[in-house]
Amino acid sequence: MGGCHSYPSATKADRKTLQLPDLSREKLGINNNNLEERPYLQQQYVCQRITHTDMFALTALPPGVDKAEWLASNTVAFFKHINLFSSALSEFCTPSTCPTACGPGNTVYVWTDDHGRKLKCSAPLYFDYAMSYIQELLADEDVFPTKAGSVFPTGFIFLVQKVFLLFFRTLAHIYWSHYRETLALGLQPQLNTLFAHLTLFCRQHALLEPEYTEPLQDLITALGQQG
């Protein structure tokens, strides 16, 4: 599972301080782009996808496949796609344009250090830490084993849940703060397909609590109505 796309890494000291994501959300009334409307919900955009593949069949656990192995292989695949997509928009996500890591509904994402302190940071720094954290997990043979006969660790599902929460937050920030740039690049079909795949996979395997997906529930519902 070491064939993931590289991502700019934080320093070792910073990774130690910001090792685990905080699962809480704060409503601080901050919106990077001050969007009063949600263009990603407009019919001409929400109906656009790059494939009409049966998503239920794509996300369901295949017969005879170990669930942990299925979760692991899909985690690697989602990391590659989300990392690649966010990299395409990285020049638009800067400390000046995105002083906070926010999502729909003025949701601000924060980290918690080893002492339980909540640390606010810009969106590019937050997602740099997020992707570095995930990449280190994927490269850790004790967490994501690649050798035949290896055993996944106790609590593996909880690590996967944390990773998918970071995936969700990454796409939520793109929809909320960089959707206009996504449209300008013509990437909205890819974004819709990736988001629909991610949220259905999470629902099929109980990876995200409803409170975490609620800020984009309107989009999840709209995409579901498109089939």
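Every number here is computed from the coordinates shown, using simple stated rules; none is lab data. The model shown is predicted, which means the values in this text are computed figures rather than measured ones. Virtual Cβ from ideal backbone geometry, glycine too; neighbours counted across all protein chains shown.
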So if each residue of separation counts as 0.36 nm, and I subtract the Cα-Cα distance between Ser73 and Ser90, what length gain in nm does that give? 3.6 nm
Over the stretch 86-220, calculate the relative contact order: mean separation of alpha carbon pairs under 8 Å at least 6 apart, over the residue count, as a percent. 28
Lys and Arg at +1, Asp and Glu at -1: add these up for the other residues within a Cβ distance under 15 Å of Ala148 and post the number. -2
What ranking, highest mean first, results for peptides 210-219, 186-195 when packing means the other Cβ atoms within 10 Å averaged over each residue? 186-195, 210-219
For the stretch 66-225, state the average projected area of the convex hull of the C-alpha atoms over all orientations, rounded to one decimal in nm². 10.1
For the stretch 186-227 and the stretch 70-116, what is the separation of their C-alpha centers, rounded to whole Å? 16
At what distance in nm do the modelled label points of Leu119 and Cys47 sit from each other, each positioned 7 Å from its Cα along Cα→Cβ? 4.7
Run the simple label-point estimate for Phe56 and Glu211 please: 7 Å along Cα→C-beta, distance reported in nm. 3.0
For the stretch 66-225, the charge dipole (Cβ of Lys, Arg +1; Cβ of Asp, Glu -1; about the Cα centre) points to a positive end, and the Cα of Ser96, Tyr133, Phe156 closest to that extreme belongs to Ser96
With +1 on the Cβ of every Lys and Arg and -1 on the Cβ of every Asp and Glu, the dipole magnitude of the stretch 54-133 about its Cα centre, in debye rounded to the nearest 20, is 240
In the stretch 100-175, the trypsin sites (Lys or Arg not before Pro) that sit in a DSSP loop and have at most 16 other Cβ atoms within 10 Å of their own Cβ are Arg117, Lys120, Lys147
Diffing the stretch 56-62: the Karplus 3J(HN,Hα) column from phi (6.51, -1.76, 1.60, θ = phi - 60°), in whole Hz with x for Gly and Pro, holds 5, 5, 5, 9, 5, 5, x
